[in-house]
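Down below is the structure, laid out as structure tokens.
The values are calculated or read from the model by the stated rules, or taken from the named source; none is laboratory data. No experiment lies behind these values; they were computed from the predicted model shown. Cβ placement follows ideal geometry from the backbone for every residue including glycine, while neighbour counts extend to all protein chains displayed. Heavy atoms of the whole protein, side chains included, go into the accessibility calculation; ligands, DNA and RNA do not. Shrake-Rupley method; radii C 1.70, N 1.55, O 1.52, S 1.80 Å.
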Amino acid sequence: MELRQTLRESPAVAVIFSSTLVAVMGVSLISPALPTVQMAWDISESEASLLLSAFTLPGIFLTIPIGLVADRIGRKPILIPSLVVFGFSGSSIIFISDFTLILALRAIQGAAGSAVVMLTVTLLGDLYTGEQRRMLIGTNAAILAIGAAGYPLLGGALASIAWSAPFACFFLAVFVAISGIPLLEEPDWDENESNSTIREFLTGSTPMTPFAVLYLAIFGIFFILYGAQLTAVPFLLANEFELSSSGIGVLLGIPAVVMGLTAMQGNRVLRLLTSFQSIALGFVSYGIGLAIVAVADSIYVVAGALLLFGLGQGLAEPITDTALTERAPDEFRGSIMSIRTSIIRLGTTVGPPLTVGAATVFGYRQTLLFSGLGIVIFGLIWFTTQRLLTPTPMP
């Protein structure tokens, strides 16, 4: 009821959510198409995987400068062009006959996509406050989860028609941009605040420790998500349980659904726990899930463990966004959230190769087991230790 009322009163929310929904296409829609791309272009698996790396790498380096510019000139002048670039660079791939040029377009699309992901959460922090802000950030995370669960199915179905068919979907971003021109609100700007520099924030009186811990948590969340859940677990399911790609896809949809449902309850969670305690419990849940997958001898036990993955993701990911937006001064929120997005891209880029490298040496079960136990210990220590962060419950 509250969400419907917000959508009626503020159409900008629909634009923000739509932007999130198209931005998450960048990886999840294309991943199932990689085998088809490999066969169509007669290239190796590692070359086909560059379609994902080319998309994620630019965000590591370019998101922070984009955030600094957004703090100077505003959110809308960056978001609308980014959606247009995202849509045209992605959809134009269907007309390209040079794989190197395709990778270049994916890099451009990835840079634009990073800007979109960063600015959607930033705008929710700018335009809304209190419980409404927390509800909207949780809903935004749920939308991400819906995309992560649904797009692989759509991408796989379209790739069965043609390797390039999934890329046509990216043009939807252009329609979102067009609707955003009249509907998207620009936050009120104080001219003096907009001329402030990030150095003033870093050297000011605001404690930096909570920000550093939140950034570390964000890196851990996405390192685990992409390294363990989306890379190691599928290989384990294929090798140990001889599951097909479609079967793996169905199982990997479980945590995405649970994450979305949990994220929607962020307001209630923050009435019982501090943001840092919720994130810590998220890591505990994730670690237990990893450890169970590592020792499971039944596919049903794996499915139960994946429920814990989703619970951990829902307790941790949206709460880090909420904590960052609520601690960020208005004039620096774009920069602070751009660092978040850059760290997300770093975690998603380095997580898979490092996890697979460890599994090559120790095996997937051992890697998941020791990683899971380590994460549980880390989460429990964090939950019980409050000396550095001294958080207070959110009202």
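Structural remarks
- CD proxy at 222 nm, helix term only [per DSSP H run n ≥ 4: -39500 (n - 2.57); per residue of the chain; nearest 500]: -26000 deg cm²/dmol
- Rolling a 1.4 Å probe over the protein heavy atoms of the chain, with every protein chain left in place, gives an accessible area that is 67 percent carbon and sulfur.
- Rounded FRET efficiency, nearest 0.05, which uses the C-beta distance separating residue 242 from residue 104 and R0 of 35 Å: 0.35
- Translational diffusion coefficient of region 61-176 (Stokes-Einstein, Kirkwood radius from Cα pairs, 10 °C, 1.306 mPa s): 102 µm²/s.
- Alpha-carbon centroids, region 26-42 and region 318-364: separation in whole Å: 25
- Dimensionless Rg ratio for region 342-386, taking C-alpha atoms and the 2.2 N^0.38 Å reference: 1.39
- Descending semi-axes in whole angstrom, ellipsoid equivalent of region 227-279, from the Cα gyration tensor: 31, 12, 6
- Three-way shape call for region 28-68 based on the alpha-carbon gyration tensor, with the a/c threshold at 1.5: prolate
- Shape of region 301-363, Cα gyration tensor, a/c cut at 1.5: oblate
- In units of the compact-protein estimate 2.2 N^0.38 Å, the chain shows a Cα radius of gyration of 0.95.
- Model label zone, residue 216; criterion: amide N under 19 Å from point 7 Å along Cα-to-beta-carbon; scope region 271-292: 274-287
- Here each label is just a point 7 Å from Cα along the line to Cβ, and for residue 208 and residue 299 those points are 5.1 nm apart.
- Three principal axis extents of region 265-395 based on alpha-carbon atoms, in descending order, are 49, 31, 27 Å.
- Averaged over its residues, the chain has an accessible area of 42 Å² per residue, based on protein heavy atoms and a 1.4 Å probe.
- Membrane-span-like helices of the chain, defined as complete DSSP H segments with a Cα extent of 24 Å or more along the helix axis and a mean Kyte hydropathy of at least -1.0, are identified as 45-73, 99-127, 130-159, 245-263, 275-295, 299-327, 333-362, 364-384.
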